[in-house]
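Remarks on the structure that follows.
The values are calculated or read from the model by the stated rules, or taken from the named source; none is laboratory data. As the structure is a prediction and not an experimental result, all values here were calculated from the model. Every residue, glycine as well, gets a Cβ built from its backbone with ideal geometry; the counts of neighbours run over all protein chains shown. All accessible areas refer to the heavy atoms of the entire protein, side chains included, with ligands and DNA or RNA removed. Shrake-Rupley method; radii C 1.70, N 1.55, O 1.52, S 1.80 Å.
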Amino acid sequence: MRRKAQATGVDMRLGPRPGEIIDRSRGLTFTWDGDTYPAYRGDTITSALAAAGVRVMSRSFKYHRPRGVMTTSYLDPGCLVQVGDEPNVRASHRMVEPGMSARPQNAWPSLRYDVKSANGALAPFLSAGFYYKTFMRPKRLWPAYERVLRGFSPGGAVSPEAAHDYYDKRYAHPDVVVAGGGPAGMAAAVAAAAAGAAVMLVEGEPELGGHLRWGAAPELAALGDLRRAVAATGGIEVLTDSVVTGRYDGNWVAVVQRSAPGVVERLIKARAGVLVAAPGLIERPYVFSGNDIPGVMLSTGARRLINLWAVKPGERAVVLTANSSGDAAVCDLADAGVDVLKIVDARSGEDVVRAKGGRTLRAVECADGTTVECDLLVTAVGWTAPTSLLNMAGDRPVYNERAARFFPGGGHDDVLATGGIAGDGSLEQLIDHGSAVGRAAARRAHEVSATTEIPSLPVEAHPALFKARTHGFVDFSEDVSSKELEEAVAEGYDSIELAKRYTTATMGPAQGKLESVNAVAVVAAATGATIAATGTTVWRPPYSPVTLGALAGRSFEPVRYSPMQPWHEAHGAKPLVAGQWIRPDHYGDPAAEVRSVRSGVGLIDVTPLGKFDLRGPDVPKLLNQLYINKWSKLALGSVRYGVMCAEDGVVLDDGVTGRLGDDHYLMTATSSGAETVWEWIESWLQTEHPEWRVHVARVTSDFASINIAGPRARDLLSLVVDDVALGPEEFPYMRVRSGSIAGIDGSFMWRIGFTGELSYEIHVPASYGLGVWETLLERGADLGVKPFGVEAQRILRLEKGHLIVGQDTDGLTRAYGAGLDWAVKLDKEDFAGKPELGWQEGRDDFLRLVGLRPLEGTAVPAEGSQIVEAGIIVGRITSSRMSPTLGRSICMGFVAPHLAEPGSAISIVAPDGSRVPAVVTPQLAQVDPKGERLHG
Amino acid sequence: MAEPAVIARSPITPAEPPSVVDGWEVSGRRSGAGLTLVDCMPLAKILVRAAPDGAVGRWLGTPFGRAGTNPDGVLVTGSGPDEWTLFGPHGSGRALVGAVEDLSGERELVSALDVTHGRTLMRLTGAAARPLLSKLCAVDLGNAVSPNSAVFRSSVAKVITDVVRDDRSGVPSYLVHCERSYGSYLFGALLDAGAEFGIEVDGYTSTEMRGV
């Protein structure tokens, strides 16, 4: 059935071809620029459009020239399109799907009539460096320039409302990664796997086969044999439509898998024993006037269009050939019914001068003076060896004049090359070479032999053809012409690396694979140097552009939950993200929660508190080393508050440690500082004092921790504890007891207080945490028990004057500055930070942490507000809240030493610039400074 | 005082239908999928620190990086250079701690800590268990590096995690355990990574209560 496109009325689809990859039994339609087109499964966007006679696929980046298919491959520089919400889609690579909506890019208002194509008329003025030279002055106008220039920026568009897709990552550890699934690559994979290696075979096209896929009957027969061999050989993971984008130190190889089931793209991080580069050769375009007009194609492009998708690339053709690929194209064109009007054989010195046309090719002017009217010009002038992956291993390509292309420099044990980049030869020779490389790779990966000899491939002579006598485009992606490159050299950019950066040649989406050798040849000709002496630009990762989605992959952001989290969620707690923990900030009214604690009893989930189980006879030595205060005489059942400083005397963390047994202690640290404290402990034990007999285990998650606070705290606890005496004499302040809580053995109770109220911190085995929490609330209903969140706790502790490390201290706060003078015991033999604190003790030039009370009780200066005196910053607010207990605002902050005396008047500058006068309080605590409630 | 019947709960919400087995809330789901994930939270887990060449180290008999089952059916995993994690039947924690402490001599520093409630333990079983884990963990899971009984600690979905390869009747199976507070997140990350392999949550049975 013929499937003529209604939009064009043209049908260029051929009858069935032996190697075609379209499924004629599965027709479909898609839209291009708003019109509906027919296609078959297996068609790419451009093959389907070409079958409908569409010639112009997009407009170029800079001059908005009409562009069409050239390579019919991923590299096609004129075929970047928008598909749905996805910009910059490679239309010669992306398969059409039913209902797909594709649109051209870089064209306004339409692909046919693009207003910005007026840039082409300005081409003489838009030479290399135009932007650098033109928009430098006047400097003040740059914002205006920028707005205009952004309107000319190329590419598609992404909607902020675009749905997120599933991008993925995975790790792999193959013995051998073969980059390229052509004949040599397949042979290498089979040989390596047969030698016992685990092989990852990566091919950019949707199928294995390389150039065999669009070859004649013998090539197709060989292709079948090789595919069968791959399938029959165990140990080969085949990744098609995938690309090795980079090789890094240690043969860390990045592979982007483009069409894995269920994911858009997957980044595979493979640690390869040996990397085999087998990317094949890339056909070079020829530089001449009009070489970008739609209808000018490479020989491989025309052959792929005919043989893979059964599309006739034109009606009347001229073929410029310098090699067997061009000769084969002549045969394929004739076989496809194309009228080959003229064969220009470059091997005989023949040449083309220019192509003529606008939106499509109309004629070709040849060097012999003839002009041939035609709609297709096929060129076959040579090859580029994409040695990128080898370059990433340190290889520097070497130019071979005989073959007129670069070859790998060689000399790597864990990165090998095979196929076209390594040399020429018959198909059998390439397969044999691939097999030898595969065997060597397996031996090297298994460290059987590091220097296995690999036979060389022959190098065939090829004419050195880069540019005709007219100027044309060198870089089709960036619209850089040979004339611009010559002008760059004339301006002094006479090194290929400088010329590249000045003109942006080789820096577009094709990343030099089509244009780098031509750019080198043009620069060499302009400087008078040889191509070999000119060298190449350096190919760096990525080998092929990588989407941000592939780089991002899945988002792994661990979160930690307390056992009581389901209750918090069910009771409307507002979540607070505290590092990785999700905590209840409040349950609706933090001030009411504060009042509930002050007047009755409240519960707070403090599970995130860092907890460490310490055992061994040398624990006191460890504690003395970590804390600035003394620990040698901590009695059994007692708890002590401790402050840790780093070696520079800066406050690191604080917490309490209780003695549970003769050689058994439980230490707590702040929620946010727990990981730091763990590393700090292990650092001392593993590197400074490995002789100390101490075992430390992190038990933060082992216990559900609940603080019961308020004047009725003891009453509430007594409802769930019956094997521990809770009276003030039996269980006084700063003591720890173990026992059963709500019937749960292995629980601990600490009598400590952060809120300033009578309080008990209970720790129950975590699996029972939710049950105990619910039991406390249920049994304490008559006592009016209420849960309170982190915000209420922060208010309560500020009222009581307890500092929070990291909130009321910073990376410069030493112990004396934080008002911790009482804890510093310089008479201890040693502790972390002792020298620095000894030094600070004798000084008087540091800020002091003080309590502050704004004169206007309704003013709550924002935390971080500066304290100024005569225009000079003399401190800052570290904590501030409205106190529900006092009915006024209270603060804590740092002030200069001369302002630290109680009663000192200070001036706070709020973020809006207003002044808030305040006075220094006698002590940090502004509620119950004598601690009567705490000791109740 | 009549104590309330406080049941033990895993950090992972049990898949429907929930049930209570031996005081633990567990999932009663039964899956026949080729790739399953089971929350094994109730199993006893004991963290042991001791010198590898001491009495306890010799008794445990499992070197760092390997796992083995002792005659009592306890899985002993060498989780650190001087550290082991033991997995025993539900409720066996206290006995295991006692057994270790009984072996420790006067001169040897030995600690045995029941971390049953502090570690989330899951079992991932199926032919696709390895490719699933390779999406979350950079360690080489191939047989040459990580054969059956291999034990390692690494980042899994960015959480410090202990992984024990403990195949079941020739089917690849991994015990995965981390700090309890990360359990819900890690369980979700494993299910997310396993979606393309058809992973299903399987329930926890009283049979499994007897050990790993």
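Computed quantities for the displayed model
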item	result
Strands (runs of 3 or more DSSP E) contained in segment A:555-656 and holding at least 2 residues within 14 Å of another protein chain (Cβ to nearest Cβ) and open to solvent by 20 Å² or more (accessible area, probe 1.4 Å)	A:574-578, A:581-586
Some residue of segment A:203-222 being over 24 Å from A:S325 (Cα atoms) and out of contact with any Asp or Glu (no Cβ under 6 Å at 6 or more places or on another chain)	no
Subset of segment B:155-182 [of a type outside the set (V, I, T), more than 8 Å from chain A (Cβ to nearest Cβ) and touching a residue at least 40 places away in the same chain (Cβ under 8 Å)]	B:D162, B:R165, B:D166, B:R168, B:P172, B:S173, B:Y174, B:L175, B:H177, B:C178
Residue match in segment A:617-631 (condition: at positive phi and touching a residue at least 60 places away in the same chain (Cβ under 8 Å))	no
Spans of strands (runs of 3 or more DSSP E) in segment A:228-322 with at least 1 residues closer than 21 Å to A:G204 by Cα and of a type outside the set (F, W, Y)	A:236-239, A:242-248, A:252-257, A:265-271, A:274-277, A:296-298
Search result, residues across segment A:366-400 that are part of a strand (DSSP E or B), among the β-branched types (V, I, T), out of contact with any helix residue (DSSP H, G or I) (no Cβ under 6 Å at 6 or more places or on another chain) and touching a residue at least 24 places away in the same chain (Cβ under 8 Å)	A:V372, A:T379, A:V398
Selection within segment B:124-134 - open to solvent by less than 10 Å² (accessible area, probe 1.4 Å) and either at the interface with another protein chain (Cβ under 9 Å from one of its Cβ atoms) or on the phi < 0 side of the Ramachandran plot (or both)	B:L124, B:A129, B:L132, B:L133
Of the criteria (1) of a type in the set (V, I, T); (2) part of a strand (DSSP E or B); (3) without any contact (Cβ under 8 Å) to a residue 60 or more places away in the chain, which one B:V56 fails	(2)
Search result, residues across segment B:141-154 that are buried (at least 21 other Cβ atoms within 10 Å of the Cβ) and more than 14 Å from chain A (Cβ to nearest Cβ)	B:V151
Scope segment A:20-33; condition in contact (Cβ under 8 Å) with a residue 40 or more places away in the chain and open to solvent by 20 Å² or more (accessible area, probe 1.4 Å); matching residues	A:E20, A:I21, A:T29, A:T31, A:D33
Within segment A:254-277, tally of residues that are open to solvent by less than 10 Å² (accessible area, probe 1.4 Å) and either within 13 Å of chain B (Cβ to nearest Cβ) or in contact with a Ser or Thr (Cβ under 9 Å, 6 or more places away or on another chain) (or both)	9
Qualifying positions in segment A:806-830 - among the hydroxyl-bearing types (S, T, Y) and surrounded by 23 or more Cβ atoms within 10 Å (Cβ to Cβ)	A:T809, A:T813
Residue match in segment B:192-209 (condition: within 17 Å of the chain's Cα centre (by Cα), more than 21 Å from B:R66 (Cα to Cα) and in a helix (DSSP H, G or I))	yes
Segment A:797-814 residues that are among the β-branched types (V, I, T), paired with ones that are in a helix (DSSP H, G or I) and open to solvent by 50 Å² or more (accessible area, probe 1.4 Å) (beta carbon under 8 Å, 6 or more apart)	A:I804/A:R794
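Every residue, every condition in (1) within 14 Å of chain B (Cβ to nearest Cβ); (2) open to solvent by 20 Å² or more (accessible area, probe 1.4 Å); (3) out of contact with any strand residue (DSSP E or B) (no Cβ under 8 Å at 6 or more places or on another chain); (4) not basic (K, R), yes or no:
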{"residue": "A:T668", "(1), (2), (3), (4)": "no, no, no, yes"}
{"residue": "A:T700", "(1), (2), (3), (4)": "yes, no, no, yes"}
{"residue": "A:A725", "(1), (2), (3), (4)": "no, yes, yes, yes"}
{"residue": "A:P732", "(1), (2), (3), (4)": "no, yes, no, yes"}
{"residue": "A:R737", "(1), (2), (3), (4)": "no, yes, no, no"}
{"residue": "A:M749", "(1), (2), (3), (4)": "no, no, no, yes"}
{"residue": "A:E757", "(1), (2), (3), (4)": "no, no, no, yes"}
